[in-house]
Amino acid sequence: MHTDRAAMNNPLLEDSFFPAFGSIDASHIEPAIDQILSENRHALAVLLQAPPDDWSLVVQLEELEDRLNRAWSPVSHMNAVVNSPALRDAYNACLPKLTEYATEMGQNDALCGAYQALADQAAFADLSTAQQKVITDALRDFRLSGIDLGPEDKRRYGELKRRLSALSSRFSENVLDATQAWSLHLTDPAALAGLPDSALAAARQLATAKDLEGYLLTLDFPSFHAVMTYADDSALRETVYRAFTTRASDQNDQDPAWDNAPLIEEILALKLDLAKLLGFAHYGEYSLATKMATTPDQVLTFLEQLNSRSQVSARQDFAALQDFARQARPEGVPGQAELQPWDVSYYAEQQRQSCFAISQEQLRPYFPAPQVLKGLFAVVERLFGIQLEAQAEADLWHADARLFRVTRQGQTLGYVYLDLYARTGKRGGAWMDVCRTRRRQADGTLQLPVAYLVCNFNAPIGDQPALLTHNEVTTLFHECGHGLHHLLTEQEWSAVSGINGVAWDAVELPSQFLENWCWEPAALALISGHVDTGAPLPEDLLQRMLAARNFQSGMMMVRQLEFALFDFRLHCQDPAPDSAGVQALLDQVRQEVAVMPPLATNRFQNSFSHIFSGGYAAGYYSYKWAEVLSADAFSRFEEEGVFNPETGQAFYRHILAQGGSREPMDLFIAFRGREPQVDALLRHCGIVNNALKGATS
């Protein structure tokens, strides 16, 4: 369809369904993007000479958008999972071009006029609900792109978007570089006393990969978490903690070019300028234009009330931890009179074992990655009637990656790539992203959806499969929930297909919802199987794990509220704060919310990628907002059976299949029969009784 001579030599220009990852080279990227942008601009100009006055306008525009997305998606993905200097340079060279193109589209008066004409026609009422939402969302987005601005302000808008795009990319690169530049080489096993065999094996494997003897510790999360949780040596924990919490800042001796503080200042100032340019009081208000929540006060009230109802539990959790640490701490250890930040995870793990006789390491042998995947697939099959089948022949970006086909009653619904293990050149964290979107193409055929699902677990050691902690199993289920939202959509228009068009503070509903099955005995019987014997999780271990589910849930709740309040208040400030102001605001939030004061050198904000290089600016509250939805949605399964097929199909039909075709509150009510209630969340967290005390004190 789009074949020309250049396409024969450039895999990004080939009209293929799956990206040709093995053939993509950094040299392909900029020429492909340049060509597609040029051809799209020409096609758009021709289209707008006599724009269609029917739905075919949207269809033709989605063809142009999809071609660009099909080329850029694998580039963006590879930049995150197999980053290299050449790939990074090509990626960054394209960012301003893509941003400029998006600005042109958003400020195209003729294009906006064509959409408005569709909305104004009497025939608009005959369109489906999904089609109507495509048009109304597009008109909203034109306004948010500055369509009503004058020429000079439109130019300024474009400058702001280009600069913010570049700053976001640089922020992410600085975090990656600062994280991967640090390591600690140790040769004495005694220095790592307390670390479980799995962590020691991973550290040896990292050292061997660098041609070193002994052990290598890094700031990648599996290594960092193991040290903070299990290392008996307080000095080692302190060293790793200080390195981790000062990444990308001026509080360490790393490359000053990686300091994200100046970027944060500029990002905040430019976002405020952008919001004001569009007529909003601040970026927080601008952010809510596309969310379920409608006003900043609504968000802040939600977070502050949740904090109020959680503080009693959080303080009780911390007091109990302090008491435990005082009794458990070796006598005569200098500088240990008070619990330090690098002690919290260590003594919390000991306290968990003391109270419940269970640890994440005890659980690892029962969660080998192949069995977890098999069980995960069995869970979603029982819930939604779908199957996932590994594809032996697949063009992949790394040997760790795999491709699965998603089917239902013999019909292919889509595909999902999995990339589960941490490695050099791979961004930390876990996420789902879009490779292909389900949509009805101009020729009438249906393009199936494809998703990327990425985690950062410890890789397999030798011939043994990767062994996951239960926390990691929960992370995998979370990302799979996002993937199902994308893959099981039944919408046929890109703008409302899958996660597209879903309010950001509702997009976490399916992901947090699916986590619940990690705690259900009937599901755990499917997910678990001892790595050596295949035996399921023993009953006594299962009961201890379930008993420990809400261990320190109050502390965990206020930790997330700390992030959410900091983010939202930060983006509601005018003028935008400088670095000192950012730190002062974070300190203030911590005084109100946190139970454990951090070190003065802690620069958490400098690696807070969610809000400075991700999509969560003035939106981190979405995790807690959607957690209310997910907990209440799951409560219906608790009432009707966790594997009740009719309830599973109702969730499929009312939530997953709908994508962004309707407002999320309408979808929730259609599934639950009423608006969401916070009580289910508090009950699931085990803090409902204390919440009632907090509400009346």
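The values are calculated or read from the model by the stated rules, or taken from the named source; none is laboratory data. Bear in mind the structure is a predicted one, so any value in this text is a computation, not a measurement. With ideal geometry, Cβ positions are generated from the backbone for all residues, glycine too; neighbour counts draw on all protein chains shown. Protein only, heavy atoms only, side chains kept; ligands, DNA and RNA dropped before computing areas. Shrake-Rupley method; radii C 1.70, N 1.55, O 1.52, S 1.80 Å.
Looking at the range 5-53, which of its residues are open to solvent by 20 Å² or more (accessible area, probe 1.4 Å), touching a residue at least 12 places away in the same chain (Cβ under 8 Å), part of a helix (DSSP H, G or I) and more than 28 Å from Asn108 (Cβ to Cβ)? Result: Gly22, Ser23, Ala26, Ser27, His28. Just wondering, is there one or more residues in the range 63-86 that are within 27 Å of Leu176 (Cβ to Cβ), aromatic (Phe, Trp, Tyr) and open to solvent by 60 Å² or more (accessible area, probe 1.4 Å)? No - not one qualifying residue is present in the range 63-86. Of the residues making up the range 536-548, those that are without any contact (Cβ under 8 Å) to a residue 60 or more places away in the chain and under 23 Å from Leu373 (Cα atoms) are Pro538, Glu539, Leu542, Gln543, Leu546.
Residue check: Asn516 meets all listed conditions (1) in contact with a Phe, Trp or Tyr (Cβ under 8 Å, 6 or more places away or on another chain); (2) farther than 21 Å from Ala201 by Cβ; (3) without any contact (Cβ under 8 Å) to a residue 60 or more places away in the chain but one, namely (3).
Residue check: is Leu484 aliphatic (A, V, I, L, M) and free of Cβ contacts under 8 Å to residues at least 60 places away in the same chain? Lay out the reasoning, then the answer.
Details: aliphatic (A, V, I, L, M): yes; free of Cβ contacts under 8 Å to residues at least 60 places away in the same chain: no.
Spelling it out, it is not the case that Leu484 is aliphatic (A, V, I, L, M) and free of Cβ contacts under 8 Å to residues at least 60 places away in the same chain.
Restricting attention to the range 618-630, does a residue exist that is over 21 Å from the mean Cα position of the chain (by Cα) and of a type in the set (Ser, Thr, Tyr)? No, every residue in the range 618-630 fails to be over 21 Å from the mean Cα position of the chain (by Cα) and of a type in the set (Ser, Thr, Tyr).
Residues are listed down the side, and each one gets a yes or a no for (1) at pLDDT 95 or above; (2) in contact with a Ser or Thr (Cβ under 6 Å, 6 or more places away or on another chain); (3) charged (D, E, K, R):
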residue: Asn458; (1), (2), (3): no, no, no
residue: His485; (1), (2), (3): yes, no, no
residue: Glu492; (1), (2), (3): yes, no, yes
residue: Ile499; (1), (2), (3): yes, no, no
residue: Ala506; (1), (2), (3): yes, no, no
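Tell me the helices (runs of 4 or more DSSP H) entirely within the range 225-304 that contain at least 1 residues that are among the β-branched types (Val, Ile, Thr).
Qualifying helices (runs of 4 or more DSSP H): 234-245, 261-277.
Checked against (1) among the hydrophobic types (A, V, I, L, M, F, W, C); (2) crowded, with 21+ Cβ neighbours inside 10 Å; (3) without any contact (Cβ under 8 Å) to a residue 40 or more places away in the chain, Ala325 passes all but a single condition, namely (2).
Is it the case that the range 293-306 has a residue that's buried (at least 22 other Cβ atoms within 10 Å of the Cβ), over 20 Å from Gln605 (Cα atoms) and not small (Gly, Ala, Ser)? Yes, because at least one residue in the range 293-306 is buried (at least 22 other Cβ atoms within 10 Å of the Cβ), over 20 Å from Gln605 (Cα atoms) and not small (Gly, Ala, Ser).
Just checking, how many residues over the range 533-548 are out of contact with any helix residue (DSSP H, G or I) (no Cβ under 7 Å at 6 or more places or on another chain) and open to solvent by 60 Å² or more (accessible area, probe 1.4 Å)? Here the count works out to 4.
Every residue, every condition in (1) among the hydrophobic types (A, V, I, L, M, F, W, C); (2) under 30 Å from Phe224 (Cβ atoms), yes or no:
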| residue | (1), (2) |
| --- | --- |
| Phe384 | yes, no |
| Leu388 | yes, no |
| Asp395 | no, no |
| Thr407 | no, no |
| Lys426 | no, yes |
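Beta carbons closer than 8 Å, at least 6 apart along the sequence or on distinct chains, pair a first residue in the range 210-239 that is within 18 Å of Ser607 (Cβ to Cβ) with a second that is part of a loop (DSSP other than H, G, I, E, B) and among the aliphatic types (A, V, I, L, M) for Asp220/Ala422; Phe221/Ala422; Pro222/Ala422; Val227/Leu195. Looking only at the range 399-421, residues that are touching a Phe, Trp or Tyr at 6+ places or on another chain (Cβ under 6 Å) and either part of a strand (DSSP E or B) or open to solvent by 50 Å² or more (accessible area, probe 1.4 Å) (or both) come to 6 in all. Of the candidates Asp255, Asp259, the single residue that is open to solvent by 60 Å² or more (accessible area, probe 1.4 Å) and touching a residue at least 40 places away in the same chain (Cβ under 8 Å) is Asp255. Taken as a whole, the range 644-651 holds at least one residue that is over 30 Å from Gln322 (Cβ atoms), without any contact (Cβ under 8 Å) to a residue 40 or more places away in the chain, surrounded by fewer than 20 Cβ atoms within 10 Å (Cβ to Cβ) and not polar (S, T, N, Q). Determine, yes or no, whether Ala670 is small (Gly, Ala, Ser) and open to solvent by 50 Å² or more (accessible area, probe 1.4 Å). It is false that Ala670 is small (Gly, Ala, Ser) and open to solvent by 50 Å² or more (accessible area, probe 1.4 Å).
Comparison of Arg204, Arg242, Arg237 shows that the only residue that is surrounded by fewer than 21 Cβ atoms within 10 Å (Cβ to Cβ) and either within 30 Å of Pro365 (Cβ to Cβ) or hydroxyl-bearing (Ser, Thr, Tyr) (or both) is Arg204.
All of (1) under 19 Å from Tyr621 (Cα atoms); (2) within 23 Å of the chain's Cα centre (by Cα) hold for Arg549 with one exception: (1).
Considering Arg242, Arg237, the condition of being within 15 Å of Ala199 (Cα to Cα) and over 24 Å from the mean Cα position of the chain (by Cα) is satisfied by Arg237 alone. Could you name every one of the helices (runs of 4 or more DSSP H) located completely within the range 604-675 that has at least 1 residues being hydroxyl-bearing (Ser, Thr, Tyr) and closer than 30 Å to Thr179 by Cβ? Passing ranges, in order: 609-612, 622-640.
Filter the range 374-388 down to the residues that are under 23 Å from the mean Cα position of the chain (by Cα) and free of Cβ contacts under 8 Å to residues at least 40 places away in the same chain, then identify the one that is surrounded by the fewest Cβ atoms within 10 Å (Cβ to Cβ). The extreme case among them is Phe377.
For the range 160-201, the tally of residues that are surrounded by fewer than 16 Cβ atoms within 10 Å (Cβ to Cβ) and not in a helix (DSSP H, G or I) stands at 4.
Look through Phe604, Phe568, Phe551 and report the one residue that is touching a residue at least 12 places away in the same chain (Cβ under 8 Å), open to solvent by less than 10 Å² (accessible area, probe 1.4 Å), among the aromatic types (Phe, Trp, Tyr) and on the phi < 0 side of the Ramachandran plot.
None of the other options fit; the residue is Phe568.
Any residue in the range 100-109 that is over 21 Å from Ser165 (Cα atoms) and modelled with pLDDT of 95 or more? Yes, the conditions are met somewhere in the range 100-109.
Being free of Cβ contacts under 8 Å to residues at least 60 places away in the same chain, hydrophobic (A, V, I, L, M, F, W, C) and open to solvent by 40 Å² or more (accessible area, probe 1.4 Å) holds for only one residue in Leu446, Leu396, and it is Leu446.
Among the residues of the range 571-586, the ones that are crowded, with 16+ Cβ neighbours inside 10 Å and not aliphatic (A, V, I, L, M) come to 6 in all.
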